[in-house]
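Single-structure report; data block below.
What follows is calculated from the coordinates using simple rules that are stated; it is not laboratory data. Predicted model, so just to flag it, every value in this text is computed and none were measured. We place every Cβ from the backbone using ideal geometry, glycine too, and count neighbours over all the protein chains shown.
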Amino acid sequence: MAINAFGRGRESDYSGQSSTSSTTSSSTSSASGGLTAFIDQGSEFEGKLSFRDTVRIDGRFQGEITSENTLIVGESGEIDAEIRSKNVVVSGTVHGNIIAETKVVLHKSARIEGDIQTPSIVVEEGAMISGKISMSSSSAKSGAALKAVAAKSDAKDATSTNNGQSR
């Protein structure tokens, strides 16, 4: 999966493969919804970036990013933008708000300066966030379902405790 293959630093990206097999691997994965674009370290872009599949940024980007799939910010990636995407995986630096429809993953090297809005978030120890995190309404529904399950479980425990006491 693209998130695992490209979510970390460069050392895991090209794990000993020659450039030919690396290119073949990328084009094969893009046909199945994998990585479709790569902005390498040393590149700088400004403006609006919009894409459908997975994009990895290891360079600098300033502006606005909109995605229908996954944005990956590599360890050397520096983003100064408002981000709207289905999934966002960060190992680098983001200055700006992140709105993710499904999930945000912050690796230990992630540095976020802005608010995060998502129904699901994974934060590795060491990641830094300066801003607030809001869980969307879909997570509130699942939270209510968890409370309902917990309440049933508590009621069951209370019944068994009462039965134990009456003996």
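Determine the gain in length on full extension of the stretch residue 133-residue 45; use 0.36 nm per residue of separation and subtract their C-alpha separation, reporting nm with one decimal. Contour length minus Cα-Cα distance gives 28.9 nm.
Residues whose amide H comes within less than 5 Å of that of residue 114, counting only those at least five positions distant or on another chain, are 96, 130, 131 (H built at 1.01 Å from N in the peptide plane).
What's the local net charge at residue 42, with K and R +1, D and E -1, over the other residues with C-beta under 11 Å away? Result for the local shell: -2. Placing dummy labels 7 Å off each Cα toward the beta-carbon, the span from residue 95 to residue 52 is 3.4 nm.
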